[in-house]
Amino acid sequence: QDKSKLDEVLERGHLVLGTGSTNAPWHFKSVDDKLQGFDVDMGRIIAKSLFGDPDKIEYVTQSSDARIPNITTGKVDVTCQFMTVTGERAQQVAFTIPYYREGVGLMLKADGDYADYEALKEAGSSVTVSVLQNVYAEDMVHAALPEASVDQYESVDLIYQALESGRSDAVATDQSSLAWYMTQNPDRYRDAGYGWNPQSYSCAVARGDQDWLNFVNTALHEAMTGVEFNFYADSFKTWFGKDLQPPQIGFPVEYK
Amino acid sequence: MNEFLAFLDQVWLARFVILRGLGLTVSISLLAIALGSVLGVLVGLALTYGNRPLRFVVRAYTDFIRGTPVLVLVLASFYILSTIGIELNAFQAGVFALAVFCSSHVGEIVRGALQAIPPGQTEAAKAIGLTFSQTFTSVLWPQALRQMLPTWVNTAAEMVKASTLLSVIGVAELLLRTQEIISRNFMSLEFYFLAGLLYFAINYAIERFGKYVERKVSVPS
Amino acid sequence: MGYTLNFSAVWRSFDQLLWGLLLSLELAIGAILIGAVIGLVTAFGLISKSGWARRPAALYVTVIRNLPILVLILFSYFALPQMGVRLGKIESFVATLAIYSGAYLAEVFRAGLLSIPNGLKEAGLAIGLTPMQIRTSIVIPLMFRNVLPSLSSTLISLFKDTSLAAAIAVPELTFEARKINVETFRVVETWIVASCLYVATCTVLAALMRMVERRLVISR
Amino acid sequence: MTKNLLEIQALRKRYGSVEVLKGVDCTMQQGEVISIIGSSGSGKTTMLRCINMLEDFQGGRILIDGEPIGYEERNGVRVRKSEKEIARQRALTGMAFQQFNLFPHMTAASNVMLGLIKVKKMARDEARSVAEKWLERVGLGQRADHYPGQLSGGQQQRVAIARAIAMNPRLMLFDEVTSALDPELVGEVLQVIKDLAADGMSMLLVTHEMRFAFEVSSRVIFMNQGVIGEEGDPKVMFLKPQTERLAEFLKTSSFA
Amino acid sequence: MTKNLLEIQALRKRYGSVEVLKGVDCTMQQGEVISIIGSSGSGKTTMLRCINMLEDFQGGRILIDGEPIGYEERNGVRVRKSEKEIARQRALTGMAFQQFNLFPHMTAASNVMLGLIKVKKMARDEARSVAEKWLERVGLGQRADHYPGQLSGGQQQRVAIARAIAMNPRLMLFDEVTSALDPELVGEVLQVIKDLAADGMSMLLVTHEMRFAFEVSSRVIFMNQGVIGEEGDPKVMFLKPQTERLAEFLKTSSFA
Ligand SMILES: Nc1ncnc2c1ncn2[C@@H]1O[C@H](COP(=O)(O)OP(=O)(O)OP(=O)(O)O)[C@@H](O)[C@H]1O
Ligand SMILES: Nc1ncnc2c1ncn2[C@@H]1O[C@H](COP(=O)(O)OP(=O)(O)OP(=O)(O)O)[C@@H](O)[C@H]1O
Ligand SMILES: [Mg+2]
Ligand SMILES: [Mg+2]
């Protein structure tokens, strides 16, 4: 009998979107102080579906660990903040369909000693990889390069710094971050051409409001496969530097 | 050298953002200090002149607040207040938390200052026929104010420092602004340094101002 | 509004909170131990007659006292490595907190040192002790007894400041509480319990320090 | 019969369980100067403080010009008057303290003016000229704009006396006003009191200066353990004490 | 010729521009007990403090057993000795102060032991037994484990004397050791000093107790405005003062 969030948002006239502001290319501030990034564009897609205007959004910037509390305490309508889908989290919030599949990639210096993943693997234990500090960091690297030595650093800028200064031969981190960094610094780096460790990113809404979840799902789905594909593809091109093939026409790709 | 020029270039690009962050930091601090001081004076009065039950309640309040880290106060007022039906946005919740924190300190300062005034002052005022409220406003409070000024200025500086904690709940004050800029250009060393410099400037200004006022109102002897 | 408190999710993760609390305590104690050494050296600098010792000490105290500790923490964690100083999370945090508390303790110690009657130092000189021996056997032990109350309030505020380590993902009490929030979204309950843990620990710390004060107080 | 200026009837005062005043009776006419002497702890200060309602008292009555101070009977029950009423009654008496108790944040003139403005509701200008007149009277016309911290003890005490006198009280109470003073400053304060006495001011003074009490008072009261041990003409009291106690007290005191 | 224990030659001492000692000459043999008297500010304390190098001095020499104290000539330039060397020389003299200056955080025994352990490098046990012996000698054998705060002034001063004596100094310096004591405690301290004198300890004592100086000393020095005004046998000095100044000083002092 409760009114759906959908009606509430429509009535209000704008969407309250939870996201961060300090992680390129997902959510960060442009030089003229506009929130931008791939997560932000997902929110804009939802707003456009709601009001026909992608700018009708009120942003709530939040730290990573505020993502779930802000949903459950109703401070945001929806959160799009590179949120990795896990079963544990799905018990607390309702995830939408994924809008990106992340993997770990390897970045090399363009003029470095190693040409690609194969060369790295061959070099065995003489390779050093810099990664973000994490409990799983070592295992994660060894899944791809079993003999490489691993240097862990505390923040993203430092792993790049390590590669730049020759303290490491490769950087292993989210492919999206790598892609962004490479677009920002053209011709200096090279993708080693190997990805692993997949995880899905979804938006999330409060549990128990199927109408609202359906709506957001529909908006995202049609952006990836239907009328708003160009919006999604432009965004993808902007933040990841890759052109997407338009969805195949005819039998829906989902059921193949 | 080149790097430094690049840094200056980034600062120039981000100048409005930094200024806006600075402005927000200053307004958060001012609001929190103002609200916290008003509340703190009430707390101090209750602690000094309140009857037993009131004193007990207020004492429990200050002890609890003073025993809790400010960050926890900030997080708690952002999340807890909304679940009990008080809808505050991040800015309001943050200012509320800082004001509450400030009030517990100012409360203690006020109590200390009032209790440090010799009882003879009250008696002399009574003896010429002043009522309590006249005694308070003409005799006790002006003396207490002078006495507490230095500690109060310290507290104000503490509030400026504590305003950084609002970055955690997404209030775009100076520190969060700095982090945003760093995430764009990866110049963490330079920009944290810049932020430090700005905070230092604010607090140093407060300190100087405090000294100035102190000199101004000091009673000749 | 009908919000019903339900602490069961918090109790399930209560041991995490306790481990976090323990780490908080360790961080605070580690920081105050190192901070006391820094503060002591700085305090001797502050009371020194030589400007070469006094000026840097005064500069250090003024600068640190006027900087937000969160900025210091982030600076030393994210920015210092660029200058070649790489420390682990916990080491970096403890070092920062130590440097921070050092500035406050320096002022405390300075007052403590100045309060020691000159006659005691002269009595030490008169029996042939060197100035260094006088410092270690007489001045510092006496000073510590004098400043014990300030020392204990510094310890307590350091303990509260450890909550800031959450910003760099050190698994202390606040970090654990935030983690539980993310996992269970029992936000109200978690913060109530965390606050109570902080307040209780502060109270116990204060009581313990008062006991130490009573033990060490010089009988009259 | 002349109406009594002050009438104390069976005054009793306890601190906790200790009875400090055990039934004091005493009357005083307009224009009298009464010295109260007695050993330390005998209750002299307490009696003065009760007259000025700086202390509550448990039994007996104090009347000034026939008006009962501090308490009234209501339906046969003794109740404390309202704070406001008590404040008014306090202004009937002026009090000078051992510790001067000047307001340190106000100039000498402002100290005197405060009560005139707040209690007597005088205009500032008028209050200022009254204050100047009285400061002149105590020999401090030049010091009107000095702060207490800039005055010697004796000067401070004279300002304090001016502050009390300016309120035009019916009765002045002096509580050992010279004991906190360096010996060389005592004289200037005593001279002020003598002048006031000569002007016909009614005064009740607690003092340890026996010679002064002898010279200035029209009557002397000897307090002993919470009651009046002896009272009468100073010449009789000092030269031919009637009671053992007083004789003994005079022997140990400085009067020679 | 017997070698002098102490030899002061043309001692000059300035505080800033004020000359406090204006050329003091004096010699002292082993076993002598010399009292220094003189009015306040005449330089008695300063002289003692120079002998113990608690004050630097600008001119003249002080020799103990022929060894120059505090300064040496190097290439014809007068230089201050090293802190370490000065510390060693300070241990040649023992000093007792007006304000006792016991270390409040140490027991009586520990006060005495500190110098023995740190300076004389004694083992703890040995130091303890030496300390106990000396505390016994000053009549405080029972109080070895009391803290200064638990002792009377006179007891504290006796501990302070024991602390100095235990270092086995060549010469004891006493600076008005009884002036901070209540009159009834003076006797016990003077007795200790008398006993030490009887044992043949060489002593230089500044005192205002003329009777005591008269009884105990083998020689008396009268200081006057930074120089020695008169010196000699106590009987001559006190009973037949040669100079006007001394006669006057004795008149105002308590010696009668
Ligand atoms: N606030 C108080 N609480 C408890 N006892 C008090 C208080 N004030 C005074 N007394 C006690 O009341 C008794 C009388 O005190 P009071 O000050 O009137 O003596 P006094 O005659 O003025 O002595 P003095 O010459 O020392 O000033 C004393 O025994 C004193 O200890
Ligand atoms: N630290 C100091 N700085 C400046 N002047 C000093 C200092 N100590 C002592 N004086 C001055 O040196 C002079 C001699 O002082 P000293 O203490 O030796 O006198 P004294 O003979 O021991 O007198 P007393 O009997 O009062 O102890 C005095 O005029 C004193 O004011
Ligand atoms: Mg009295
Ligand atoms: Mg002297």
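The values are calculated or read from the model by the stated rules, or taken from the named source; none is laboratory data. What you are looking at is a predicted structure, and each value in this text was computed from that prediction instead of being measured. Please note: Cβ atoms are built from the backbone with ideal geometry, for glycine as well, and neighbour counts cover all protein chains shown.
Working only within segment A:212-228, note down all residues that are closer than 17 Å to A:P247 by Cα and in a helix (DSSP H, G or I).
A:T218, A:A219, A:L220, A:H221, A:E222, A:A223, A:M224, A:T225
From E:M28, E:M95, which residue is under 22 Å from E:A162 (Cβ atoms) and either within 16 Å of ligand 1 (Cβ to nearest atom) or in contact with a Leu (Cβ under 6 Å, 6 or more places away or on another chain) (or both)?
On the way: E:M28 fails: under 22 Å from E:A162 (Cβ atoms).
Exactly one residue qualifies, and that residue is E:M95.
Select from segment B:88-105 the residues that are crowded, with 24+ Cβ neighbours inside 10 Å and of a type in the set (F, W, Y) and list them in ascending order.
B:F101
From the list A:G112, A:G74, A:G124, pick out the single residue that is free of Cβ contacts under 8 Å to residues at least 40 places away in the same chain and over 17 Å from the mean Cα position of the chain (by Cα). Show your work before the answer.
Working: A:G112 fails: free of Cβ contacts under 8 Å to residues at least 40 places away in the same chain; A:G74 fails: free of Cβ contacts under 8 Å to residues at least 40 places away in the same chain.
The match here is A:G124.
When you check B:K216 against the structure, is it surrounded by fewer than 23 Cβ atoms within 10 Å (Cβ to Cβ) and touching a Pro at 6+ places or on another chain (Cβ under 9 Å), yes or no?
Details: surrounded by fewer than 23 Cβ atoms within 10 Å (Cβ to Cβ): yes; touching a Pro at 6+ places or on another chain (Cβ under 9 Å): no.
When the stated conditions are applied, B:K216 does not pass them.
Is there any pair with a first residue in segment C:29-45 that is in contact (Cβ under 8 Å) with a residue 24 or more places away in the chain and closer than 12 Å to C:R110 by Cβ and a second that is among the aromatic types (F, W, Y) and in a helix (DSSP H, G or I) whose Cβ atoms are under 8 Å apart and which are 6 or more apart or on different chains, and what are they?
C:G39/C:Y104; C:G39/C:F109; C:L40/C:F109; C:T42/C:Y60; C:T42/C:F109; C:A43/C:F109
Step by step: first the residues of segment D:210-244, then only those that are part of a strand (DSSP E or B) and within 13 Å of ligand 1 (Cβ to nearest atom), then the one that is nearest to the chain's Cα centre (by Cα). Which residue is that? Give the derivation first.
Of all residues in segment D:210-244, those part of a strand (DSSP E or B) come to D:219-224, D:227-232.
Next cut, within 13 Å of ligand 1 (Cβ to nearest atom) only: D:221-224, D:227-229.
On the way: D:I221: 14, D:F222: 16, D:M223: 15, D:N224: 19, D:V227: 18, D:I228: 17, D:G229: 20 Å.
Per the stated criteria, the residue is D:I221.
Go through segment A:108-163 residue by residue and tally those that are hydroxyl-bearing (S, T, Y) and either within 14 Å of another protein chain (Cβ to nearest Cβ) or loosely packed, with under 14 Cβ neighbours inside 10 Å (or both). Spell out how you get there, then give the answer.
Applying the first criterion (hydroxyl-bearing (S, T, Y)) to segment A:108-163 yields A:114, A:117, A:125-126, A:128, A:130, A:136, A:149, A:153, A:155, A:160.
Filter once more, keeping what is either within 14 Å of another protein chain (Cβ to nearest Cβ) or loosely packed, with under 14 Cβ neighbours inside 10 Å (or both): A:125-126, A:130, A:136, A:153, A:155, A:160.
Adding up the residues that qualify gives 7.
Do we have A:S202 as part of a helix (DSSP H, G or I) and among the polar types (S, T, N, Q) here? Please lay out each step first, then the result.
Details: part of a helix (DSSP H, G or I): no; among the polar types (S, T, N, Q): yes.
So A:S202 fails the test.
Say we look at segment C:187-209 and pick out the residues that are farther than 23 Å from B:T62 by Cβ and at the interface with another protein chain (Cβ under 9 Å from one of its Cβ atoms); which of these is surrounded by the most Cβ atoms within 10 Å (Cβ to Cβ)?
Filtering segment C:187-209 down to residues farther than 23 Å from B:T62 by Cβ leaves C:187, C:189-190.
So of that shortlist, the ones also at the interface with another protein chain (Cβ under 9 Å from one of its Cβ atoms) come out as C:187, C:190.
Working: C:V187: 26, C:T190: 29.
Per the criteria, the residue is C:T190.
Consider C:K179 carefully, then state whether it is among the basic types (K, R), surrounded by fewer than 22 Cβ atoms within 10 Å (Cβ to Cβ) and within 14 Å of chain E (Cβ to nearest Cβ).
Values: among the basic types (K, R): yes; surrounded by fewer than 22 Cβ atoms within 10 Å (Cβ to Cβ): yes; within 14 Å of chain E (Cβ to nearest Cβ): no.
When the stated conditions are applied, C:K179 does not pass them.
Being farther than 30 Å from C:L216 by Cα and in contact with a strand residue (DSSP E or B) (Cβ under 7 Å, 6 or more places away or on another chain): is that true of E:E83 here? Write out each step before concluding.
Values: farther than 30 Å from C:L216 by Cα: yes; in contact with a strand residue (DSSP E or B) (Cβ under 7 Å, 6 or more places away or on another chain): no.
Taking the combined requirement at face value, the residue does not satisfy it.
Just need a number here: residues in segment E:118-142 that are crowded, with 18+ Cβ neighbours inside 10 Å and facing another protein chain (nearest Cβ under 10 Å).
The number of residues fulfilling the criteria is 2.
If you go through segment A:180-195 one residue at a time, do you hit one that is part of a helix (DSSP H, G or I), touching a strand residue (DSSP E or B) at 6+ places or on another chain (Cβ under 9 Å) and among the β-branched types (V, I, T)?
The answer is no; no qualifying residue exists.
Looking only at segment B:67-92, count how many residues are within 12 Å of chain C (Cβ to nearest Cβ) and in contact (Cβ under 8 Å) with a residue 40 or more places away in the chain. Give the steps one after another, and end with the answer.
Step one: filter segment B:67-92 for residues within 12 Å of chain C (Cβ to nearest Cβ), giving B:67-87.
Of the ones still in play, those that are also in contact (Cβ under 8 Å) with a residue 40 or more places away in the chain are B:70-71, B:74-75, B:78.
Of the residues in that region, 5 qualify.
Take the conditions touching a residue at least 12 places away in the same chain (Cβ under 8 Å), within 11 Å of ligand 2 (Cβ to nearest atom) and not basic (K, R) and apply them to E:L21. Does it pass?
It is true that E:L21 is touching a residue at least 12 places away in the same chain (Cβ under 8 Å), within 11 Å of ligand 2 (Cβ to nearest atom) and not basic (K, R).
When segment D:15-62 is examined, which residues are found to be of a type in the set (K, R) and either more than 16 Å from ligand 3 (Cβ to nearest atom) or away from chain B (no Cβ under 14 Å) (or both)? So that I can check it myself, show each step before the final result.
Our first condition is that a residue be of a type in the set (K, R); within segment D:15-62, this holds for D:22, D:44, D:49, D:61.
Matches in segment D:15-62: D:K22, D:K44, D:R61.
I'd like the full set of residues that are more than 9 Å from chain B (Cβ to nearest Cβ) and among the hydrophobic types (A, V, I, L, M, F, W, C), limited to segment A:64-76.
Hits for segment A:64-76 are A:I68, A:I71, A:V76.
Considering only segment C:24-60, state which residues are among the basic types (K, R) and part of a helix (DSSP H, G or I). Steps first, please.
Going through segment C:24-60, the residues among the basic types (K, R) turn out to be C:49, C:54-55.
Passing the criteria: C:R54, C:R55.
Conditions tested, residue by residue: (1) within 14 Å of another protein chain (Cβ to nearest Cβ); (2) farther than 28 Å from E:A108 by Cα; (3) within 16 Å of ligand 3 (Cβ to nearest atom).
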{"position": "E:A144", "(1), (2), (3)": "no, no, no"}
{"position": "E:L151", "(1), (2), (3)": "yes, no, no"}
{"position": "E:E176", "(1), (2), (3)": "yes, no, no"}
{"position": "E:Q191", "(1), (2), (3)": "no, no, no"}
{"position": "E:A198", "(1), (2), (3)": "no, no, no"}
{"position": "E:E231", "(1), (2), (3)": "no, yes, no"}
{"position": "E:K235", "(1), (2), (3)": "no, yes, no"}
{"position": "E:R245", "(1), (2), (3)": "no, yes, no"}
{"position": "E:E248", "(1), (2), (3)": "no, yes, no"}
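Here is a list of conditions, (1) within 22 Å of A:R101 (Cβ to Cβ); (2) away from chain B (no Cβ under 14 Å); (3) among the aliphatic types (A, V, I, L, M); (4) surrounded by 14 or more Cβ atoms within 10 Å (Cβ to Cβ), and A:M182 meets all of them except one; can you say which number that is?
The one condition A:M182 does not meet is (2).
Quick check: anything in segment C:138-145 over 23 Å from the mean Cα position of the chain (by Cα) and touching a residue at least 24 places away in the same chain (Cβ under 8 Å)? If you could, list the steps in order and put the result at the bottom.
Residues of segment C:138-145 that are over 23 Å from the mean Cα position of the chain (by Cα), as a first pass: C:138.
Checking the rest, the ones that are also touching a residue at least 24 places away in the same chain (Cβ under 8 Å) come to none.
Within segment C:138-145, not a single residue is over 23 Å from the mean Cα position of the chain (by Cα) and touching a residue at least 24 places away in the same chain (Cβ under 8 Å).
Take D:T207 and tell me if it is of a type in the set (S, T, N, Q) and over 20 Å from the mean Cα position of the chain (by Cα). It would help to see each step written out before you state the result.
Details: of a type in the set (S, T, N, Q): yes; over 20 Å from the mean Cα position of the chain (by Cα): no.
Considered against the rule, which asks whether it is of a type in the set (S, T, N, Q) and over 20 Å from the mean Cα position of the chain (by Cα), D:T207 comes out as no.
Among the helices (runs of 4 or more DSSP H) confined wholly to segment B:112-185, which include 1 or more residues that are under 26 Å from the mean Cα position of the chain (by Cα) and at the interface with chain D (Cβ under 9 Å from one of its Cβ atoms)? Spell out the reasoning first.
Values: elements: B:119-127, B:132-135, B:141-162, B:174-185.
So the answer is B:141-162.
Only residues that are touching a Leu at 6+ places or on another chain (Cβ under 8 Å) and within 11 Å of another protein chain (Cβ to nearest Cβ): list them for segment C:108-123, please.
C:I116, C:L120, C:E122, C:A123
If I filter segment A:24-36 for residues that are at pLDDT 90 or above, buried (at least 23 other Cβ atoms within 10 Å of the Cβ) and assigned to a helix (DSSP H, G or I), do I get at least one hit?
No: segment A:24-36 contains no residue that is at pLDDT 90 or above, buried (at least 23 other Cβ atoms within 10 Å of the Cβ) and assigned to a helix (DSSP H, G or I).
Would you mind finding the one in A:T61, A:T96, A:T79 that is within 11 Å of chain B (Cβ to nearest Cβ) and surrounded by 16 or more Cβ atoms within 10 Å (Cβ to Cβ)?
Values: A:T96 fails: within 11 Å of chain B (Cβ to nearest Cβ); A:T79 fails: within 11 Å of chain B (Cβ to nearest Cβ).
So the residue among A:T61, A:T96, A:T79 that is within 11 Å of chain B (Cβ to nearest Cβ) and surrounded by 16 or more Cβ atoms within 10 Å (Cβ to Cβ) is A:T61.
Restricted to segment E:172-220, and to residues that are of a type outside the set (S, T, Y), within 16 Å of ligand 2 (Cβ to nearest atom) and surrounded by fewer than 18 Cβ atoms within 10 Å (Cβ to Cβ), which residue is nearest to E:G31 (Cα to Cα)?
E:H208
Condition test on A:Y189, is it over 29 Å from C:A167 (Cα atoms) and within 14 Å of chain B (Cβ to nearest Cβ)? Before you say what the answer is, go through the steps one by one.
Working: over 29 Å from C:A167 (Cα atoms): yes; within 14 Å of chain B (Cβ to nearest Cβ): yes.
In short, yes.
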